[in-house]
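Heads up: the structure comes next, in structure tokens.
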Amino acid sequence: ARKKAHEERRRLRDEFVQMMQQRFLAGKDGEHFDYGECDGDADLDDLVQMGRDAEDDYFCDSDEDPRPALSRAERMARLHRATR
């Protein structure tokens, strides 16, 4: 019973952490975090990923793959999800 309770607490904690991460990445923590300061800090940019994105955009035929332009926050959120 103890092991099962411990596993349940761990599962609930993991679920909570995931929800909080998604909330943060979606920009919903504005009252607690200054997203503008973070977005404006070029030292935090993932230049390797941004280079890959630029290459993808350059080599992508816009007639065949019309993708909407993503904001920096959306690109960083996708990057975060991909590297988890």
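Along the range 49-58 the Karplus relation, 6.51 cos²θ - 1.76 cosθ + 1.60 evaluated at θ = phi - 60°, assigns HN-Hα couplings of 5, 5, x, 4, 4, 5, 5, 4, 5, 5 Hz to successive residues, with x for each Gly and Pro. Once the convex hull of all Cα atoms in the chain is built, its volume per residue stands at 145 Å³. Atom-type composition of the exposed protein surface of the chain places 52 percent of the accessible area on carbon and sulfur (1.4 angstrom probe).
Helix 72-82 and the longest principal axis of the Cα set of the chain meet at an angle near 50°.
Sorting 22-30, 40-48 by their mean Cβ neighbour count within 10 Å, with the most densely packed peptide first, gives 22-30, 40-48. With helices as the sole contributors, the chain gives -20000 deg cm²/dmol at 222 nm; each DSSP H run of n ≥ 4 counts as -39500 (n - 2.57), and the sum is divided by every residue.
The values are calculated or read from the model by the stated rules, or taken from the named source; none is laboratory data. Computed from a predicted model, the values in this text were never measured in an experiment. Cβ atoms come from the backbone with ideal geometry, glycine included; neighbour counts cover every protein chain shown. Side chains included, ligands, DNA and RNA excluded: accessible areas come from the protein's heavy atoms. Shrake-Rupley method; radii C 1.70, N 1.55, O 1.52, S 1.80 Å.
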